[in-house]
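The values are calculated or read from the model by the stated rules, or taken from the named source; none is laboratory data. All values derive from a computational prediction rather than experimental measurement. The accessibility values were calculated without ligands, DNA or RNA, using every heavy atom of the protein model including side chains. Shrake-Rupley method; radii C 1.70, N 1.55, O 1.52, S 1.80 Å.
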Amino acid sequence: MTKRFSYYESEMEGLSIAEIESRLAPSLQKQIGYCYANSTFYKRKFQEAGADPKDIQTFDDLRKLPVFMTKEDERACQEESRLEQGHPFGTHVCAPVEDLYLTGTTSGTTGVPTFTYTFTKNDLDFLAPRLAHRLALCGVGKGDRGLFFFTLGIYATTMTLWGLRLLGALPIDIDARAGTETFLKFANLTKPTFLACTPSLALYLIDKCPKFLGYPVSELKLKGLLTTGEPGIQDPNIKQKLEEAYQCPSFDYWSPAGHAPGVSCGAPLYQGLHAVAPEVCTSYFDLIDPVTQEPVPLEHGAVGQMVHTSLHRQACPLVKYAYGDVVQISLDECPWCGFKGIRAKLVGRADDMLIVKGVNVYPAAVKAEVMKFQPRVTGQMRIVLDAPPPRVEPPLKLKVEYNGQLAGAEQNGLAERIAQAVHDSLRLRPEVSLTPAGTLPRSTSKTPVFEKAYE
Ligand SMILES: [Zn+2]
C-alpha cells in the first residue's frame, strides 16, 4: 500500500530548519513590509515594540519580536474597524475590503466571532492546493464525499472546501446544532466516504448510531475519519476505539487561523501533525513559553505556544499572533511514512494550562493518563477548579467517570491507581473522585475540561 498520497509537493521537505528559514526569509521580509504599509494596527504594533519592519530580515529577527495579537486583541481591532471603517474584519486588514473573497469563523458560540479566516482570491489560490494536499494524504480523492459536522457548520470548514474541490471531492455540510439524529439520518442518505468532526463527537456517534439508524457506525462504511478541533487520536486508546468502531483509519488535521496546515499520517501509532506546507507561515518555527512569552529554542521535543506570522497573505495577514495552541515539536524523520519536515503534537491550549506547585500542567496530559484505565473508566473526566486558573492550590482535583458497578473498596482502589499513574507521569498527585457512567454532561462540540466550582 502506498503510504503517502499527494496533490502537491512542498519544495521545503527534506531541507534542514536553517535551509527552510533562509529560503523563506525573502517572503517574510515582503510580508512584514506589506503589513506595515497597509494596516494601522501593525504600524502601531511595530512602533510600540520599538522595531522597524526593515529590521526583520530573518526568522531569528521575527522570534525576537513580542506577541502582537491574541484572540482578545483581534476582537478589539474588529470592533475598532467596525466603528471607524464600517467593516467587521479588523484594523489588521491589509487588502482593500472590496477585494475580500471569502470569510469564515470557527467561533461565535462563545463571545464575539472573529473573522480570522478571511481571504482574498489570491490568498485562496495559494492556500487551496496545500489544503488539498493535506486531505490527499488522508486518501481523499475524486468522487469522495466528505461530510462535515461542526458547530456553525460551513463556517468552520469554508477554506477546507476549496481544497476538497481541487481533489474532485464533494463536500456535504451539516451544522452540529441540528443534532445527532438529524446528522445520522443525513449520513444514512448521503453515504459519505469521509467524516470530519471533533474526536469527542466521533466517539459520541458510536453509541448513538445504533439507536437512531439501527446499525453500528462501521456500517457507514467510511474510508477515513478526519478529526480536528481538540486533542484526540494522539491518544492510542481513542485512536483504537475509533478505528475499531468505524473500521477505517483515522486522521488528525488542522490549520489554526488558516495557518500551519498539518495532518497526521496513517501510522498505527500516532506520529503527530506533519507540517506539509511550511511556506504558508512561520508558525512551526516560532514557539514561546505560554507564561513568560520568552522564545523557546526550536529543538527536537521542544514544547511551546505557537506564534503565527503569515508568509503569503493579503486579506488578514497575521504577524506574531499567539492563537493559544501549545505544541510539542519533533524534528526527526517520521518512522512510519518517512516525512522529513517538522511534526507537532498538540499538548493543549495556553489558556487551559494550569500551574500546580510551579509546574505547567496541561489537562490533555492528565486525561491521557486517565484514559489508560479504559474500559474501567468511560473516558469522561473533569478537572475541578476551586479558583480561576492557571494557579491551582494542590491537590489537583479530578472527577472521573467509571464503568459498571464498583463497590466502595474497588472505587478506592481504582481512584488510587489513577492518582498514582498521574503522579508517575506528571509528578503531581491528584485527588481523584469517581462518579458513575453518564453523570458528566456530554457535548456535541468540544468537551469541557474544567468544572468551575468557583463560578
Ligand atoms: Zn508520518
* Structure fact -> One would report the antiparallel percent of DSSP beta bridges in the range 50-183, rounded to the nearest 5, as 40 percent
* To do: Would you mind working out the accessible area per residue for the range 355-452, using a 1.4 Å probe, and quoting it in Å²?
  => 51 Å²
* Rounded to the nearest 10 degrees, what's the angle between the helix 236-246 long axis and the longest principal axis of the chain, both from Cα atoms, 0 to 90? => 80 degrees
* Helix 17-38: angle to the longest alpha-carbon principal axis of the chain, degrees 0 to 90, nearest 10? -> 70 degrees
* Percent of accessible area on the chain owned by carbon and sulfur, 1.4 Å probe? -> 52 percent
* Compute the long axis of helix 199-213 from its Cα atoms, compare it with the longest principal axis of the Cα atoms of the chain, and write down the angle in degrees, 0 to 90, nearest 10. => 50 degrees
